[in-house]
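Could you have a look at this structure, given as structure tokens, before my questions?
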Amino acid sequence: MTERAFPTINGIAVSPLDIWLPESNLNTNKEKNYNNHHSEWTAKRFGRSILFQVFRDLDANQNYLPLDVHAWLHENYGPPKMPEPFEAMDRIEQAFYECENLHIKKTGGYILRLLDLSVYQQCEMDYNKIVRGIR
């Protein structure tokens, strides 16, 4: 296994569709041969911070990949460098103003939820707590 960090730009992981990936050997016409890849993996690294969990759950930070390609990606790359709080907050702010969705795992699959004002404000409060020590 190669432990090179997954590439980032300004602290944000690039889409795996923007790097070279091998062709899948699976029947890509079957949904069962795909699963979800979070560009910002793993959830445990982000802890309980709503700022980082929302950042991770941005729909733009997730891609469905063929199972074998997804496995190859994790065998050849380590997780991307952890973004700085300001990088995560900047990306969330952009997502909020562009009306992006969150892609949230629920029992039996995923749901899309608008990154609304309430969630955005929770991220701002968490950001202030992390960076500025405000409670």
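Can you name the helices (runs of 4 or more DSSP H) wholly within region 1-95 that have at least 3 residues being touching a residue at least 60 places away in the same chain (Cβ under 8 Å), small (Gly, Ala, Ser) and over 23 Å from residue 105 (Cα atoms)? Break it down stepwise before answering.
Details: elements: 43-46, 50-57, 67-76.
Result: empty, no element qualifies.
If you don't mind, another one. I'm trying to understand the selection: among the residues of region 33-44, which are in contact with a Pro (Cβ under 7 Å, 6 or more places away or on another chain) and of a type in the set (D, E, K, R)?
Result: 40, single match.
Suppose we filter 69, 54 for residues that are within 14 Å of residue 20 (Cα to Cα) and modelled with pLDDT of 95 or more; which single one remains?
The unique qualifying residue is 69.
Among the residues of region 90-111, are any out of contact with any Leu (no Cβ under 8 Å at 6 or more places or on another chain) and on the phi > 0 side of the Ramachandran plot?
The answer is yes, given that some residue of region 90-111 is out of contact with any Leu (no Cβ under 8 Å at 6 or more places or on another chain) and on the phi > 0 side of the Ramachandran plot.
From the residues in region 29-53 that are in contact with a strand residue (DSSP E or B) (Cβ under 8 Å, 6 or more places away or on another chain) and loosely packed, with under 15 Cβ neighbours inside 10 Å, which one is farthest from residue 82 (Cα to Cα)?
So in region 29-53, the residues in contact with a strand residue (DSSP E or B) (Cβ under 8 Å, 6 or more places away or on another chain) come out as 33-40.
Going one step further and asking which of them are loosely packed, with under 15 Cβ neighbours inside 10 Å, we end up with 35-36.
Details: 35: 23, 36: 20 Å.
So, considering only residues that are in contact with a strand residue (DSSP E or B) (Cβ under 8 Å, 6 or more places away or on another chain) and loosely packed, with under 15 Cβ neighbours inside 10 Å, the one farthest from residue 82 (Cα to Cα) is 35.
When you check residue 82 against the structure, is it modelled with pLDDT under 90, among the aliphatic types (A, V, I, L, M) and more than 27 Å from residue 30 (Cβ to Cβ), yes or no? Walk me through how you get there before you give the answer.
Working: modelled with pLDDT under 90: yes; among the aliphatic types (A, V, I, L, M): yes; more than 27 Å from residue 30 (Cβ to Cβ): yes.
Against the criterion (modelled with pLDDT under 90, among the aliphatic types (A, V, I, L, M) and more than 27 Å from residue 30 (Cβ to Cβ)), residue 82 qualifies.
May I ask you to say which residue of 105, 129 is closer than 28 Å to residue 26 by Cβ, of a type in the set (D, E, K, R) and surrounded by 13 or more Cβ atoms within 10 Å (Cβ to Cβ)? Let's see the steps before the verdict.
Working: 129 fails: closer than 28 Å to residue 26 by Cβ.
So the residue among 105, 129 that is closer than 28 Å to residue 26 by Cβ, of a type in the set (D, E, K, R) and surrounded by 13 or more Cβ atoms within 10 Å (Cβ to Cβ) is 105.
Across region 97-135, what is the total count of residues that are basic (Lys, Arg), in a helix (DSSP H, G or I) and under 16 Å from residue 48 (Cα atoms)?
From region 97-135, those basic (Lys, Arg) are 105-106, 113, 129, 132, 135; that's our starting set.
Narrowing the set further to residues that are in a helix (DSSP H, G or I) leaves 129, 132.
Of the ones still in play, those that are also under 16 Å from residue 48 (Cα atoms) are 129.
The number of residues fulfilling the criteria is 1.
Residue 99 versus (1) more than 18 Å from the chain's Cα centre (by Cα); (2) of a type outside the set (Gly, Ala, Ser); (3) exposed (fewer than 14 other Cβ atoms within 10 Å of the Cβ): which is the lone unmet condition?
Failed condition: (1).
Follow-up question, since we're still on this one. Can you spot a residue in region 13-25 that is at pLDDT 90 or above, under 14 Å from the mean Cα position of the chain (by Cα) and of a type in the set (Val, Ile, Thr)? Step through it out loud before you land on a result.
Start the filter on region 13-25 by keeping residues that are at pLDDT 90 or above, which leaves 13-25.
Filter once more, so that each one left must be under 14 Å from the mean Cα position of the chain (by Cα): 13-17.
Now drop any that are not of a type in the set (Val, Ile, Thr), which leaves 14.
For region 13-25, residues at pLDDT 90 or above, under 14 Å from the mean Cα position of the chain (by Cα) and of a type in the set (Val, Ile, Thr): present.
The values are calculated or read from the model by the stated rules, or taken from the named source; none is laboratory data. Note that the coordinates shown come from a computational prediction; the quantities given were computed from them, not determined experimentally. Neighbour counts run over all protein chains shown; Cβ positions are idealised from the backbone, glycine included.
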